[in-house]
Amino acid sequence: MERAIVGVSSVILQLVGKKMRNDYKNGKISGSRVLAKYARDKKEADAFSLYGYRQGDIKDLLKETHNNVLKQKLQDRLADMKRASQKSADQNRTSLDKLERFKKEACGIGLRKVIKKMDAIARKSKDRQARLVLLLLETEYANLSAKQHRGKLKGKIYQRKDLLLLQMADYLDKLNWKYGINDETGKNANHLVYVYLPNGVQLTWHCNSFSIYQRYPPIDAQWDGQVCMTMDKILSYIETEYLKDESI
């Protein structure tokens, strides 16, 4: 038996299937045959892209595939998604706590009044940048509000967020703000949307809408690592640029 298993690692043996593993250990097949099988499976697994697949899709693939190397890849992806989901749940709790505070304290007048004031400023001035800042505010408000709900209502609010992101793109382009999208989400989402305020502050949103690529260019950017801070950044910009000289 010791002679039979020379040349094939225990890791590879675990990935070629029970029958082949036992046949190899019992000397019924050669190590080269085992390695050839592993090489074919690995080539298929390496070529298989998991981009865009959600947890349910991956679980279905696990049931269907006979490629053990691909199974390992799928299982690793599910484990990553589980960790990301837990991290997301923790961040959602923080976001909801902050949302309640924003409703009462944002810019000293409360979030809904800030939105109404920005809408009035945009209408009165007909300034595209003021309208864009209002869109930023409404997008993040929708993003936070969706986390309070489940089912169809949650989906509808996220749809509104996606529509606002799409609407925002025209203003970003015309005002020449830095913006774009990439796939380095670090989370259970397909895309990460980047918008940079004129002062260089980074805003980001996760998005699953495939149509977002039609409106946002690719961007070589990395998340700044500031967790649950998008609304804080927007409100700070509004307070400095639009409300500092107003009697509120």
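The values are calculated or read from the model by the stated rules, or taken from the named source; none is laboratory data. Computed from a predicted structure; not experimentally measured. As a convention, Cβ positions derive from the backbone with ideal geometry for all residues, glycine included, and neighbour counts pool all protein chains shown. Heavy atoms of the whole protein, side chains included, go into the accessibility calculation; ligands, DNA and RNA do not. Shrake-Rupley method; radii C 1.70, N 1.55, O 1.52, S 1.80 Å.
Within the stretch 16-53, which residues are closer than 23 Å to residue 73 by Cα and of a type in the set (A, V, I, L, M)?
Hits for the stretch 16-53 are 16, 20, 34, 35, 36, 39, 45, 47, 50.
Return the residues of the stretch 197-226 that are of a type in the set (A, V, I, L, M, F, W, C), at pLDDT 95 or above and open to solvent by less than 10 Å² (accessible area, probe 1.4 Å); say none if nothing qualifies.
197, 203, 205
Read through the list (1) under 21 Å from residue 99 (Cβ atoms); (2) of a type in the set (Lys, Arg); (3) modelled with pLDDT under 90, then give the number of the only condition that residue 244 fails.
Evaluating residue 244 over (1) under 21 Å from residue 99 (Cβ atoms); (2) of a type in the set (Lys, Arg); (3) modelled with pLDDT under 90 leaves (1) as the failure.
Residue 92 versus (1) over 16 Å from residue 203 (Cβ atoms); (2) more than 18 Å from the chain's Cα centre (by Cα); (3) polar (S, T, N, Q): which is the lone unmet condition?
(2) is the only condition that residue 92 fails.
Only one of (1) open to solvent by 30 Å² or more (accessible area, probe 1.4 Å); (2) at positive phi fails for residue 110. Which number is that?
(1)
So which of 194, 158, 237 is open to solvent by 10 Å² or more (accessible area, probe 1.4 Å), modelled with pLDDT of 95 or more and not charged (D, E, K, R)?
On the way: 194 fails: open to solvent by 10 Å² or more (accessible area, probe 1.4 Å); 158 fails: modelled with pLDDT of 95 or more.
After ruling out the rest, the residue left standing is 237.
Can you pull out every residue in the stretch 144-165 that is aliphatic (A, V, I, L, M) and out of contact with any helix residue (DSSP H, G or I) (no Cβ under 7 Å at 6 or more places or on another chain)?
Listed by number, the residues that qualify are 153, 163.
Residues being within 17 Å of residue 131 (Cβ to Cβ), assigned to a helix (DSSP H, G or I) and aromatic (Phe, Trp, Tyr): count how many of those fall in the stretch 150-189.
Total satisfying the criteria: 1.
Would you check if there is a residue in the stretch 125-134 being part of a helix (DSSP H, G or I), modelled with pLDDT under 95, out of contact with any Phe, Trp or Tyr (no Cβ under 8 Å at 6 or more places or on another chain) and not β-branched (Val, Ile, Thr)? So that I can check it myself, show each step before the final result.
Residues of the stretch 125-134 part of a helix (DSSP H, G or I): 125, 128-134.
If we keep only those that are modelled with pLDDT under 95 too, we end up with 125.
Still in the list and also out of contact with any Phe, Trp or Tyr (no Cβ under 8 Å at 6 or more places or on another chain): 125.
Filter once more, so that each one left must be not β-branched (Val, Ile, Thr): 125.
Checking the stretch 125-134: at least one residue is part of a helix (DSSP H, G or I), modelled with pLDDT under 95, out of contact with any Phe, Trp or Tyr (no Cβ under 8 Å at 6 or more places or on another chain) and not β-branched (Val, Ile, Thr).
What about residue 145, is it more than 30 Å from residue 42 (Cβ to Cβ) and assigned to a helix (DSSP H, G or I)?
On the way: more than 30 Å from residue 42 (Cβ to Cβ): yes; assigned to a helix (DSSP H, G or I): yes.
Yes; evaluated as a whole, the condition is true for this residue.
Counting just the residues of the stretch 124-155 that are within 25 Å of residue 88 (Cβ to Cβ) and aliphatic (A, V, I, L, M), which one comes out surrounded by the fewest Cβ atoms within 10 Å (Cβ to Cβ)?
Within the stretch 124-155, the subset within 25 Å of residue 88 (Cβ to Cβ) is 135-155.
When the remaining residues are screened for being aliphatic (A, V, I, L, M), the result is 135-137, 142, 144, 146, 153.
Numbers: 135: 21, 136: 26, 137: 22, 142: 20, 144: 23, 146: 19, 153: 12.
If we take residues in the stretch 124-155 being within 25 Å of residue 88 (Cβ to Cβ) and aliphatic (A, V, I, L, M), then 153 is surrounded by the fewest Cβ atoms within 10 Å (Cβ to Cβ).
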